[in-house]
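To keep things clear, I will list the structure first and then write my remarks on it.
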Amino acid sequence: MNGRGIELINVSKDFAGDDGKITALADISLSIGPGEYIGILGLNGSGKSTLARILNGLVKPNTGKVYVNGIDLDSPGRLTEVRQIVGMVFQNPDNQLVCPVVAEEVSFGPENLGLPSSEVDSRVDWSLRLVGLEDKKHHAPHLLSGGQKQKVALASVLAMRPDYLILDEPTSMLDPSSRWDVLEYLRKVNAENGITIVLISHNPEDLIHASRLIVLDRGSIYLQGSPREVYSEVDKLAAIGLEPPGIYNLINRLEREGYRIDGAIETIPQLVESLCRI
Ligand SMILES: Nc1ncnc2c1ncn2[C@@H]1O[C@H](COP(=O)(O)OP(=O)(O)OP(=O)(O)O)[C@@H](O)[C@H]1O
Ligand SMILES: [Mg+2]
């Protein structure tokens, strides 16, 4: 495997449960290209977190192969490098923050890479600016709001200058306004900085900016495609207990009424604009 991208080939993962084997992932093959924004959707226990952890080597599959920018995750001694290339943000910011001051938190990773202090400083400023927290640089993370803490966690990972950012339910503990903030920063780092995003959520509304959706069901890929393609499969989604976000319900209804809505639509104003063109 050469070149940039993440490649999973026939990946399966079992865990030992109380009543025998639990299959978390069953024969997943998947390519993630540089610059993509992928949304991963699925109900509780469908294998989302296991998949996330496999992408940066935190979990090792039982069978199958994983390559990150051509690096075989089985090759000895490469995991530190892989974890710098593939950054992870988790659900609970409190579990991700360890330093008493925001600037220290964000500089922790780059300092461990042995970078010169001028480079560390510029990365800290760059990533705090990216998430709109320049003014909190000298604050204590534990005194910030949940949303601000999650943004510090995001800045700490961005300061490592990852190619890929994997986020496992990063908004599920946030209030709606911080949630939209975080989603907007992710859209920005993808569009403006070319960082590949893999955003996991059980909430379809969170995945509105994704260019490709992957729906997991009981460890397998159940549906895959553009949001328009996936969210038009209303019956298939309902069969596993999922529902399209409101805007797609509206698009689906308009299309059933005979209106043709072109292109990727993420917001109501875009939908209105598209309707006005008809
Ligand atoms: N370390 C583990 N030990 C045993 N079983 C596990 C372990 N991690 C995951 N599992 C099981 O594997 C399956 C998939 O779990 P996973 O956490 O990947 O799902 P998920 O889609 O992230 O769920 P959630 O929405 O609840 O976060 C579940 O049945 C879970 O109980
Ligand atoms: Mg999970």
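How high is the relative contact order of the chain, in percent, with contacts defined as C-alpha pairs under 8 Å that are six or more residues apart?
Across the chain, relative contact order equals 22 percent.
Report the charge-dipole magnitude of the chain in Debye, nearest 20, computed about the Cα centre from +1 at each Lys and Arg Cβ and -1 at each Asp and Glu Cβ.
260 debye
For E36, what is the net charge nearby, where nearby means another residue's Cβ is under 12 Å from its Cβ and Lys, Arg count +1, Asp, Glu -1?
Taking every Cβ under 12 Å from that of E36, the sum is +1.
Once the Cα atoms of the stretch 6-244 are picked out, what are the Rg and Dmax in Å?
Every Cα atom of the stretch 6-244 included, Rg and Dmax give 17.9, 55 Å.
Positive end of the charge dipole of the stretch 95-227 (Lys, Arg +1 and Asp, Glu -1 on Cβ, about the Cα centre): tell me which of C99, A140, T171 has its Cα farthest that way.
My answer, from the dipole projection, is T171.
Quick one: check the C-alpha center-to-center distance for the stretch 113-127 versus the stretch 195-246, whole angstrom.
37 Å
Only bridges whose two residues both fall in the chain count here: according to DSSP, what percent of them are antiparallel, nearest 5?
Antiparallel bridges make up about 55 percent of those DSSP assigns within the chain.
With the cut-off at 28 Å, tell me which of the pairs K21/K65; K48/K136; K149/K236 have Cα atoms farther apart than that.
K48/K136; K149/K236
Relative contact order for the stretch 1-79: what is it in percent, counting Cα pairs under 8 Å that are at least 6 residues apart?
In percent, rounded to a whole number, it is 41.
Every read-out reported here was derived from the displayed coordinates using simple, explicitly stated rules and does not represent laboratory data. Values in this document were obtained by computation on a predicted structure and should not be read as measured data. Because the Cβ atoms are built from the backbone with ideal geometry, glycine has one as well, and the counts that use them run over all protein chains shown.
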